[in-house]
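To keep things clear, I will list the structure first and then write my remarks on it.
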Amino acid sequence: MTFLKIAIFYGSYLYIPFVIFVLWGMTRIQHWVPRFLGVGVLVAATCVAYGRFVEPRILTVAEHNLKLCTKAGIEGDVRIAVFGDTHNGLFPVTIELEKIVERVETLSPDMVLVPGDLTYHPDFEDLEEIFAPLGNLTAPTYLVMGNHDEGIPGPLYAPILTKILIEDGINVIDGQSAALNVNDLKIRIVGMMDHWAAIQQDVPAGPYVQTSTDEAVIYLQHNPDMLTDVPDLGAFDLMVTGHTHGGQINLPFITCNFTFACDVHRKGFAALPEGNLFVTSGTGMTGLPMRFGVPPVIDMLNISFQNCAAPQGL
């Protein structure tokens with residue numbers, strides 16, 4: 001399967017000779033029907049080429065202004081950078097972490113959250129070099145592993161990757177939590193084991209910790225399915241996840257009906273009956289080496305936590 005993915009990746013360079021061949025054929029045929037079909041083929045091939053060569057290299061920033069009622073009834077503001085599903089490894093076109101980190105640094109977040117899936121079949125000996133740029137993040141950074149990091153599917157990278165990231169100053173918090181104070185706002189980040197890995201190992205994905213009554217609580221989990229699959233997650237104010245890639249190749253009707261991308265929520269913020277959810281569509285690729293209609297993104301969450309039960313002024 002890996003060979004097929006690589007073959008598709010390099011076979012896409014045949015786009016230019018293919019276009020030349022189709023244009024040559026259209027000049028040789030006088031009937032309008034084959035010419036019309038030729039135009040359709042060229043449009044389709046150009047869309048594929050855009051998804052293969054252009055969009056995966058466009059790193060965007062999306063600002064989200066969120067007003068959230070806190071379970072603890074506390075108030076305060078925080079600015080959080082979120083990126084994930086970087087999938088560094090197999091495809092050379094994947095955006096380098098150095099570029100992502102440089103962009104995050106220009107955004108001056110109070111903290112950075114990374115909901116996993118950093119790997120996609122890299123060589124083990126390259127892990128330290130690939131992920132070293134994460135150590136240049138100056139804001140407190142919290143990370144959990146995704147299914148690809150946990151070897152579902154592929155090699156198990158999580159143990160050695162965790163060691164490398166901790167040495168680089170990244171807080172890897174699978175099964176743990178971290179408390180911090182931002183602008184006099186107490187926040188607890190609760191890290192959860194990847195949902196698929198927890199199912200495979202028959203262990204709870206979390207939460208593992210008790211939260212205080214004077215903290216805003218953010219759950220960090222790779223897979224948004226956990227929100228609807230696990231009935232008792234305790235009290236939290238926001239769950240931050242990735243996994244869906246926003247569909248990666250977002251085609252109307254097809255993406256949501258024939259992939260898992262929309263099972264819970266495809267991307268962005270959603271106030272669901274189970275709780276508030278944010279899904280980042282990530283920066284990398286799996287399967288096909290393409291992104292279409294879902295450019296790589298760093299999401300900036302400008303959150304205003306509010307005590308919605310407090311009496312309002314006249």
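The values are calculated or read from the model by the stated rules, or taken from the named source; none is laboratory data. Nothing here was measured: the structure is a model prediction, and the numbers come from that model. Counting neighbours? That spans all protein chains shown, and the Cβs are built from the backbone with ideal geometry, glycine included.
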**OP:** From the list 44, 49, 62, pick out the single residue that is surrounded by fewer than 12 Cβ atoms within 10 Å (Cβ to Cβ) and either at pLDDT 90 or above or under 17 Å from residue 249 (Cα atoms) (or both).
**Re:** 44
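So that you can scan it fast, the table gives a plain yes or no per residue for (1) under 27 Å from residue 261 (Cβ atoms); (2) without any contact (Cβ under 8 Å) to a residue 60 or more places away in the chain; (3) in the same structural domain as residue 113 (by TED's automatic domain parsing):
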{"position": "172", "(1), (2), (3)": "yes, yes, yes"}
{"position": "180", "(1), (2), (3)": "no, no, yes"}
{"position": "200", "(1), (2), (3)": "yes, yes, yes"}
{"position": "222", "(1), (2), (3)": "yes, no, yes"}
Original post:
Can you find a residue in the stretch 288-304 that is acidic (Asp, Glu) and touching a residue at least 60 places away in the same chain (Cβ under 8 Å)?
Top reply: yes
Original post:
Is it the case that some residue within the stretch 110-119 is modelled with pLDDT of 95 or more and more than 20 Å from the chain's Cα centre (by Cα)?
Top reply: no
**OP:** Select from the stretch 116-128 the residues that are assigned to a helix (DSSP H, G or I) and surrounded by 17 or more Cβ atoms within 10 Å (Cβ to Cβ) and list them in ascending order.
**Re:** 127
**OP:** Say whether the condition of being among the small types (Gly, Ala, Ser), in a loop (DSSP other than H, G, I, E, B) and touching a residue at least 40 places away in the same chain (Cβ under 8 Å) is met by at least one residue in the stretch 85-100.
**Re:** no
Subject >> Qualifying residue in the stretch 66-75 (condition: part of a helix (DSSP H, G or I) and either β-branched (Val, Ile, Thr) or crowded, with 16+ Cβ neighbours inside 10 Å (or both)) >> reply: no
Subject >> Enumeration of residues in the stretch 197-246 that are within 18 Å of residue 180 (Cβ to Cβ) and polar (S, T, N, Q) >> reply: 210, 211, 212, 213
Original post:
Among 283, 259, 244, 255, which is the only one that is out of contact with any helix residue (DSSP H, G or I) (no Cβ under 8 Å at 6 or more places or on another chain) and hydroxyl-bearing (Ser, Thr, Tyr)?
Top reply: 244
**OP:** Report those helices (runs of 4 or more DSSP H) wholly inside the stretch 1-62 carrying at least 1 residues which are over 28 Å from residue 283 (Cβ atoms) and of a type outside the set (A, V, I, L, M).
**Re:** 15-28, 32-49
**OP:** Please identify the pairs in which a residue from the stretch 257-278 that is within 15 Å of residue 294 (Cα to Cα) has its Cβ atom under 6 Å from the Cβ atom of a residue that is surrounded by 15 or more Cβ atoms within 10 Å (Cβ to Cβ) and aliphatic (A, V, I, L, M), counting only partners at least 6 apart or on another chain.
**Re:** 265/277; 265/279; 267/279
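Every residue, every condition in (1) of a type outside the set (A, V, I, L, M, F, W, C); (2) in a strand (DSSP E or B); (3) touching a Leu at 6+ places or on another chain (Cβ under 9 Å), yes or no:
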residue: 256; (1), (2), (3): no, no, no
residue: 282; (1), (2), (3): yes, no, no
residue: 289; (1), (2), (3): yes, no, yes
residue: 294; (1), (2), (3): no, no, no
residue: 298; (1), (2), (3): no, yes, yes
**OP:** Give the stretch 105-115 a look and list any residue that's touching a Leu at 6+ places or on another chain (Cβ under 8 Å) and surrounded by fewer than 23 Cβ atoms within 10 Å (Cβ to Cβ), or say none.
**Re:** 105, 111
Original post:
Just checking, how many residues over the stretch 168-224 are farther than 27 Å from residue 76 by Cα and acidic (Asp, Glu)?
Top reply: 3
